[in-house]
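This report refers to the structure that appears directly beneath it.
The values are calculated or read from the model by the stated rules, or taken from the named source; none is laboratory data. In this text, all values refer to a predicted model and were calculated from it rather than measured experimentally. For neighbour counting, all protein chains shown are included, and Cβ atoms are generated from backbone atoms with ideal geometry for every residue, glycine included.
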Amino acid sequence: MSSIAEIKTTIPSQLLEEFGTLLKKTFASEPQWLKEKRSTAFEKFSKLGIPERKNEEYKYTDVKKIFGKKFTPVHNDIHKIPFKISEKFIDKDSIKLFFVNGWLYKDSTLSTTLPKGVIVGSMAADALFLHRELFQKFLGTSPSQSWTEALNSALWFDGAFIYIPKGIKLEKNIEIVHLYIGNDEILVNPRHLIIADKESEVNIIEHSFALDVQKHIVVNSVAEIAIEESAKVSYYKIQSENKNTFQLNNTYVTQQQQSVFNTCTFTLGSEWIRNNLSISLNAENCETHLNGLFITQDAEHVDNHTQVYHNKPNCQSNQLYKGILNDKSTGVFNGKIYVARDAQKTNAYQSSKNILLSDDATINTKPQLEIYADDVKCSHGSSTGQIDEDALFYLRSRGLNIDSAKNLLMYAFASDVVNTIKIETLRSYINELVQKYLNK
């Protein structure tokens with residue numbers, strides 16, 4: 001391995017300097033294996049560099065511009081929170097984790113007694129020092145070759161560590177709430193590790209928002225989710241009120257035999273979001289469902305990239321992503337379904353549907369199928385249009401004004417995704433949030 005100083009890099013010079021300082025000071029007390037892991041990841045990131053628009057994966061999303069300013073990886077600064085953190089949670093009975101700029105907040109509490117063996121805590125404390133065997137076994141096992149994952153692996157400070165033991169069906173939902181705050185340009189790298197052992201079940205809700213951010217914050221988050229045999233994980237992400245933040249969200253899921261993964265991503269009122277979701281179905285009879293809804297206005301930008309790898313036979317996946325775009329906002333959906341040579345009897349479906357509310361709004365969609373097996377059922381589709389004028393006329397003829405009629409049609413369009421939520425309190429919350437943004 002070459003030394004940090006020898007690396008030829010296309011990244012901002014201050015990041016190179018910051019990493020050297022962090023390795024010597026902040027990360028000095030970590031075990032040697034983890035420091036080596038960080039150094040290897042940073043070298044990988046430096047070699048990969050930050051992609052330009054000519055890179056096909058980032059053709060419609062300019063990431064280079066968000067790294068053009070000077071910023072620093074955030075340290076554990078103490079911020080006074082101007083509200084009770086309980087106000088920001090959706091489910092009053094949930095198991096709660098509250099993070100400020102990527103660090104578990106000192107007043108965050110689990111609020112409940114956990115079943116025997118269940119772990120819900122901090123990566124920086126619980127995982128690293130109390131559960132090192134699990135931590136070392138699963139950390140960094142995702143097959144990703146991305147620059148975002150490498151950057152996070154080098155610079156993460158904290159995040160959620162969740163372990164559900166064999167046979168435990170956790171009745172309470174787990175909520176992870178992120179607050180981004182501050183007057184400085186900072187780079188935040190939250191890291192989550194979620195492990196669902198055999199025959200276990202868990203529902204996780206993750207919500208991020210920014211508060212009084214005066215300068216841009218860059219968030220590069222990674223969640224690794226390991227779903228063992230016959231386990232079930234439902235993972236909901238809400239991205240709202242994220243002004244002055246650039247978010248690169250990376251979720252890597254590995255599934256074992258007869259496991260089930262459900263995920264829904266809701267993006268509303270966020271300035272710049274890139275969601276990378278990669279799922280590997282590594283054993284037979286796996287099932288995965290990906291759903292997403294984004295509503296954009298002004299000059300907001302939302303980019304959803306999904307990759308589903310069918311590596312074994314008899315698995316199924318379904319994808320449904322919907323977008324409602326207004327003003328000069330832009331959206332991207334790039335979905336890839338990969339079917340390996342021996343992944344016979346695969347069922348894989350993908351759909352992207354979008355409504356443009358203005359002439360200046362833009363959506364770019366690119367559904368992809370890469371199939372090497374012959375006994376499969378795979379399909380993809382994409383549609384983009386405006387509000388149905390006939391339906392609008394019908395509603396107006398029934399006494400609705402133009403705004404009410406439009407909002408009703410848009411809500412009906414969005415409800416296909418909203419109604420996939422299995423948690424009643426979350427579904428009600430998202431319904432209210434969608435109506436709020438549709439009425440703007």
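Just a few scattered comments:
- Test: Glu199 is modelled with pLDDT of 95 or more, surrounded by fewer than 22 Cβ atoms within 10 Å (Cβ to Cβ), more than 18 Å from Lys137 (Cβ to Cβ) and touching a Gly at 6+ places or on another chain (Cβ under 9 Å): yes
- The single condition among (1) part of a loop (DSSP other than H, G, I, E, B); (2) modelled with pLDDT of 85 or more; (3) not polar (S, T, N, Q) that Phe45 does not satisfy is (1).
- From Tyr338, Tyr349, Tyr309, residue being touching a Cys at 6+ places or on another chain (Cβ under 8 Å), assigned to a strand (DSSP E or B) and surrounded by fewer than 24 Cβ atoms within 10 Å (Cβ to Cβ): Tyr349
- Residue check for Ser111: modelled with pLDDT under 90, surrounded by 19 or more Cβ atoms within 10 Å (Cβ to Cβ) and either of a type in the set (S, T, N, Q) or touching a Gly at 6+ places or on another chain (Cβ under 9 Å) (or both): no
- Some residue of the range 142-160 being in a strand (DSSP E or B) and surrounded by 20 or more Cβ atoms within 10 Å (Cβ to Cβ): yes
- Complete set of residues in the range 122-139 that are in a strand (DSSP E or B) and either surrounded by fewer than 19 Cβ atoms within 10 Å (Cβ to Cβ) or touching a helix residue (DSSP H, G or I) at 6+ places or on another chain (Cβ under 7 Å) (or both): none
- Every residue from the range 287-302 that is within 17 Å of the chain's Cα centre (by Cα) and farther than 24 Å from Val233 by Cα: Ile295, His301, Val302
- Remark: pairs (first residue in the range 418-434, over 11 Å from Ile238 (Cβ atoms); second residue basic (Lys, Arg) and modelled with pLDDT of 95 or more; Cβ separation under 8 Å; 6+ apart in sequence or on different chains) = Val418/Arg427; Asn419/Arg427.
- Whichever residue in the range 1-42 is aliphatic (A, V, I, L, M) and at pLDDT below 80 and, among such residues, is nearest to Phe71 (Cα to Cα): Leu15
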